[in-house]
Amino acid sequence: MTHQECINCKTTYGIDEIVYFCKKCGDILEIKFDFKELAQTLKESDWKKKPLSVWRYRDFMPIHEATKVVTLSEGGTGLHRSERLGAELGLKNLYVKNEGENPTGSFKDRGMTVGVTKAVELGARHVICASTGNTSASLAAYAARAGIKCTVLIPSGKIAYGKLSQAMIHGAKVLQVKGNFDQALEFVLKLAEKHKDIYLLNSINPFRIEGQKSLGYEICEQLNNEAPDRIIVPVGNAGNISAIWKGLTEFHKLGYIKTLPKMTGIQAAGSAPIVQAIKTNSDKIIPVENPETVATAIRIGAPVSWKKAINAIHESHGTAETVTDEEILDAQKILARIEGIFVEPASASSIAGLKKLVKSGVIGKDERVVCVTTGHGLKDPDTAVKMSEKPLEVDADISAIENALGLKERVAILAR
Ligand code: AN7
């Protein structure tokens with residue numbers, strides 16, 4: 001009794017119907033469950049015996065029972081208690097949920113394992129997406145795993161090398177469109193509309209959101225069935241913050257958690273239409289024409305899931321904030337140096353946002369906060385190298401090496 005439903009006019013569509021936008025009002029769709037039926041299924045299921053992972057929650061996923069899932073073991077990522085970073089920022093209860101630990105190195109795998117499983121279930125032989133990098137890397141891997149064709153459209157120039165290499169090695173057809181992400185997305189939407197045999201897997205596809213909601217479930221289970229006070233998420237197209245909130249509200253409705261966290265979205269200052277809407281208390285976004293940021297993953301001016309994200313922030317009494325490129329890179333470095341967690345710039349925006357909001361007093365020092373870091377640092381090695389101290393070149397000689405390390409001086413001082 002699961003169906004797809006328009007988030008605006010509530011028109012319903014069958015669970016196996018291929019439809020990306022509401023045919024009546026043009027808004028986006030979400031998956032709806034019959035909660036009585038779901039609660040009964042869960043009661044009879046042994047889901048709690050399965051390891052922490054996306055497919056631990058198979059009963060919560062809109063996939064038919066007999067379907068074979070397309071998986072690379074996604075989810076089950078670490079929720080790292082971050083005492084040193086917490087102390088630095090004045091917080092006692094800080095955690096980092098590190099999504100870089102997923103198979104292709106980003107949270108996108110949670111959505112793609114479900115999305116590509118659904119694609120195969122529907123008989124699709126060709127999948128497509130537009131991407132700032134991670135979505136294409138993930139889709140390429142899952143399409144390879146499923147043995148189906150994959151096409152990705154990426155913006156020109158501004159895609160991190162690690163991500164591009166993944167899409168290429170997995171055999172996707174990669175088109176670099178001379179334009180930005182928002183333009184690339186418009187083209188894939190047109191292509192999927194025109195060529196019905198090509199299945200679209202951007203995050204307007206509600207089956208991807210279903211996979212990504214497991215991130216919300218996992219955080220609560222890792223905190224012994226409690227929600228934190230706040231979850232901070234980097235926001236681009238706004239699929240992830242919407243998905244996490246969907247998962248949390250489902251867990252709440254089913255009685256697995258008693259409270260709900262404040263959802264807090266962070267965008268880069270140069271591409272922050274959702275923050276702008278929240279701050280001006282508007283129920284609409286004004287797309288950013290030419291988005292700019294070092295965090296190329298979230299260089300998105302017209303996020304498709306903006307309405308879901310604004311709902312999530314309002315319903316949860318959360319907030320949204322911008323961070324500058326400098327704040328992002330600074331946070332990336334701090335996290336790597338004092339917690340041993342290497343994330344890409346977009347991911348570090350959640351840490352940068354936390355720092356800013358603690359400083360301004362919006363986030364209380366006693367709050368239990370979870371920062372989601374969305375992608376691995378190796379996705380964008382160029383930025384990491386650029387902002388770090390260069391390796392010293394030394395002669396292949398022990399005394400030259402000791403010299404460079406300052407060990408010679410120490411010997412001299414000790415000898416005195
Ligand atoms: C590391 O790959 O949109 O708000 O095309 O790669 O759900 O869009 C990437 C997004 C955050 C934003 N962090 O998530 C793409 C793409 C990282 C990301 C986001 C992305 P959404």
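The values are calculated or read from the model by the stated rules, or taken from the named source; none is laboratory data. Nothing here was measured: the structure is a model prediction, and the numbers come from that model. Glycine gets a Cβ as well: all are built from the backbone with ideal geometry, and neighbour counts include every protein chain shown. Ligands, DNA and RNA are stripped out before the accessible areas are found, and what is left, the full protein with its side chains, is counted by its heavy atoms. Shrake-Rupley method; radii C 1.70, N 1.55, O 1.52, S 1.80 Å.
Would you pick out the residues in segment 305-324 that are more than 14 Å from the ligand (Cβ to nearest atom) and part of a loop (DSSP other than H, G, I, E, B)? Scanning segment 305-324 gives Ser316, His317, Gly318, Thr324.
Could you check segment 131-152 and list, in sequence order, the residues that are without any contact (Cβ under 8 Å) to a residue 60 or more places away in the chain and either farther than 11 Å from Ala167 by Cα or surrounded by fewer than 24 Cβ atoms within 10 Å (Cβ to Cβ) (or both)? Residues satisfying the conditions are Ala144, Gly147, Ile148, Lys149, Thr151. A search for C-beta distances below 7 Å between a residue of segment 219-230 that is acidic (Asp, Glu) and any residue that is part of a loop (DSSP other than H, G, I, E, B), counting only pairs 6+ apart in sequence or on different chains, returns Glu221/Leu52; Glu226/Ile257; Asp229/Pro261; Asp229/Glu367. Taking strands (runs of 3 or more DSSP E) as the structural unit, those lying wholly within segment 22-104 and holding at least 3 residues that are in contact (Cβ under 8 Å) with a residue 12 or more places away in the chain, closer than 30 Å to Leu357 by Cβ and not β-branched (Val, Ile, Thr) correspond to 79-81, 93-98.
Here is the figure for segment 176-203: residues that are outside any loop (DSSP other than H, G, I, E, B), away from the ligand (no atom under 14 Å from the Cβ) and touching a strand residue (DSSP E or B) at 6+ places or on another chain (Cβ under 7 Å) total 3.
Quick one: is Ile159 farther than 22 Å from Gly76 by Cβ, assigned to a loop (DSSP other than H, G, I, E, B) and within 14 Å of the ligand (Cβ to nearest atom)? Quick ask: steps written out before the conclusion?
Numbers: farther than 22 Å from Gly76 by Cβ: yes; assigned to a loop (DSSP other than H, G, I, E, B): yes; within 14 Å of the ligand (Cβ to nearest atom): yes.
So Ile159 fits the description; yes.
Taken as a whole, the structure leaves Leu139 outside the set of residues that are in a helix (DSSP H, G or I), away from the ligand (no atom under 16 Å from the Cβ) and within 22 Å of Ile298 (Cβ to Cβ).
Residues in segment 123-130 include none that are open to solvent by less than 20 Å² (accessible area, probe 1.4 Å) and either at pLDDT below 95 or in a helix (DSSP H, G or I) (or both).
Screening Asn290, Asn311 for residues that are at pLDDT below 95 and open to solvent by 60 Å² or more (accessible area, probe 1.4 Å) leaves exactly one candidate, Asn290. For segment 228-255, how many residues are in a loop (DSSP other than H, G, I, E, B), away from the ligand (no atom under 12 Å from the Cβ) and either farther than 25 Å from Lys48 by Cβ or open to solvent by 10 Å² or more (accessible area, probe 1.4 Å) (or both)? Here the count works out to 3. Take the conditions (1) open to solvent by less than 20 Å² (accessible area, probe 1.4 Å); (2) within 13 Å of the ligand (Cβ to nearest atom); Leu164 misses just one of them, which is (1).
Residues Ala412, Ala384, Ala400: which one is within 25 Å of Lys333 (Cα to Cα) and of a type outside the set (Val, Ile, Thr)?
Working: Ala412 fails: within 25 Å of Lys333 (Cα to Cα); Ala400 fails: within 25 Å of Lys333 (Cα to Cα).
None of the other options fit; the residue is Ala384.
Does Glu83 satisfy the condition of being in the same structural domain as Ala352 (by TED's automatic domain parsing) and either touching a strand residue (DSSP E or B) at 6+ places or on another chain (Cβ under 8 Å) or closer than 20 Å to Gln212 by Cα (or both)? The answer is yes for Glu83.
The helices (runs of 4 or more DSSP H) located wholly in segment 325-416 that include 1 or more residues which are within 16 Å of the ligand (Cβ to nearest atom) and surrounded by 13 or more Cβ atoms within 10 Å (Cβ to Cβ) occupy 325-339, 345-359, 381-386.
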